[in-house]
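The values are calculated or read from the model by the stated rules, or taken from the named source; none is laboratory data. Note that the coordinates shown come from a computational prediction; the quantities given were computed from them, not determined experimentally. Positions of Cβ are backbone-derived with ideal geometry, glycine not excepted, and every protein chain shown enters the neighbour counts.
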Amino acid sequence: MQSDMKTPIATLTTDWGEQGFFAGMVKGALMRLVEGVQVVDITHRLEAHNVMSASFVVRHGCLGFPEGTVHLVDVASQPPFVALRARGQYFLCSDNGLPALVFGQEAEEVVRLETQENGIYNFAAYNLFCPAAARLLKGAPLADLGPRHPQLLQRPWAGYLQQGEYYRIYVHHVDNYGNAYLGMSYREFEELRQGRAFTLQVKELTTSEISPSYHRGSGGNNLGLILTVSATGMLELAFENRSLARLHGIKLNEGVLLKFKD
């Protein structure tokens, strides 16, 4: 599939942080290899090596780009390295569980980026992903990048589990404001709810309503806890004008408890 974009686009999603030179190296390489390329930073502030949070960001931050966009994802990178196509876009990353978490069965084609024997790949985004991205942005078919990669590594991801009369919903991402994104979509919540009242418990806090914004509604909240729906369509927990994560120690993969009233 060749891109017909007038301006070639590449994105970067990493756990490099903002202090180092890594982003500059990669951007410079892409601009040198692809004339007129537009490089978009999705984020460089992911928690180091956290594949779960990275997959959440890629799923909701990358898939809305035009067809032909090439996404470089460098989080917890280790061999094997892969290139794949999904929804008409290309993704270059490590097969460390992230591709399967993001795409499931949506990956249309997956190839393995071949490495040289005794080669050093401590900076895969620069050594491997940049040359591969350049070839894709110039119209090369995915199959030219390497042999077919038959099976992506499967990593279990529990969005929520039913435990007796409760549903335990796991935190899949914490943003810069300290808000927690949960592993249950609003659609799933309403299907389970079936019009019933509910209580959501987060440590010592509870709420029994969905707020349309990051401000408390008419009632049912305890100490400022807010349950709302993020732009991703997933349930989101916030604390009015303050950081829920910092004040109450909410962490990735932690579970909160949801109970419906019969």
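Could you look through segment 1-55, keep only residues that are in a loop (DSSP other than H, G, I, E, B) and aromatic (Phe, Trp, Tyr), and pick out the one that is surrounded by the fewest Cβ atoms within 10 Å (Cβ to Cβ)? Give the derivation first.
In the first step, residues of segment 1-55 are kept if they are in a loop (DSSP other than H, G, I, E, B); the result is 1-8, 15-21, 34-37, 44-50.
Right, trim to aromatic (Phe, Trp, Tyr) and you get 16, 21.
On the way: Trp16: 20, Phe21: 9.
It comes out as Phe21.
Considering Val40, Val111, Val82, which residue is outside the structural domain of Leu252 (by TED's automatic domain parsing), in contact with a strand residue (DSSP E or B) (Cβ under 9 Å, 6 or more places away or on another chain) and either of a type in the set (Ser, Thr, Tyr) or in contact (Cβ under 8 Å) with a residue 40 or more places away in the chain (or both)?
Working: Val40 fails: either of a type in the set (Ser, Thr, Tyr) or in contact (Cβ under 8 Å) with a residue 40 or more places away in the chain (or both); Val111 fails: either of a type in the set (Ser, Thr, Tyr) or in contact (Cβ under 8 Å) with a residue 40 or more places away in the chain (or both).
Result of the check over Val40, Val111, Val82: Val82.
Criterion first (closer than 30 Å to Val171 by Cα and not acidic (Asp, Glu)) does Arg32 satisfy it? Show your work before the answer.
Numbers: closer than 30 Å to Val171 by Cα: no; not acidic (Asp, Glu): yes.
Criteria not met by Arg32.
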Selection from segment 169-204 of residues that are in contact with a Gly (Cβ under 9 Å, 6 or more places away or on another chain) and on the phi > 0 side of the Ramachandran plot:
Lys203
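I need the full set of residues from segment 147-169 which are over 30 Å from Thr206 (Cα atoms) and either crowded, with 19+ Cβ neighbours inside 10 Å or among the acidic types (Asp, Glu) (or both), in order please.
First, the residues of segment 147-169 that are over 30 Å from Thr206 (Cα atoms): 147-155.
Across segment 147-169, the qualifying residues are His149, Leu152.
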Name the residues in segment 209-259 that are at pLDDT 85 or above and in contact with a Ser or Thr (Cβ under 6 Å, 6 or more places away or on another chain), would you?
Ser211, Leu225, Ile226, Leu227, Thr228, Gly233, Met234, Glu236, Lys259
Just name the residue that is modelled with the lowest pLDDT out of those in segment 124-135 that are of a type outside the set (Gly, Ala, Ser) and either over 22 Å from the mean Cα position of the chain (by Cα) or surrounded by fewer than 16 Cβ atoms within 10 Å (Cβ to Cβ) (or both).
Asn127
Can you name every residue in segment 57-106 that is within 16 Å of Glu47 (Cα to Cα) and part of a strand (DSSP E or B)?
Val73, Asp74
Report the residue count in segment 1-36 for those that are at pLDDT 95 or above, among the hydroxyl-bearing types (Ser, Thr, Tyr) and farther than 24 Å from Phe56 by Cα.
0
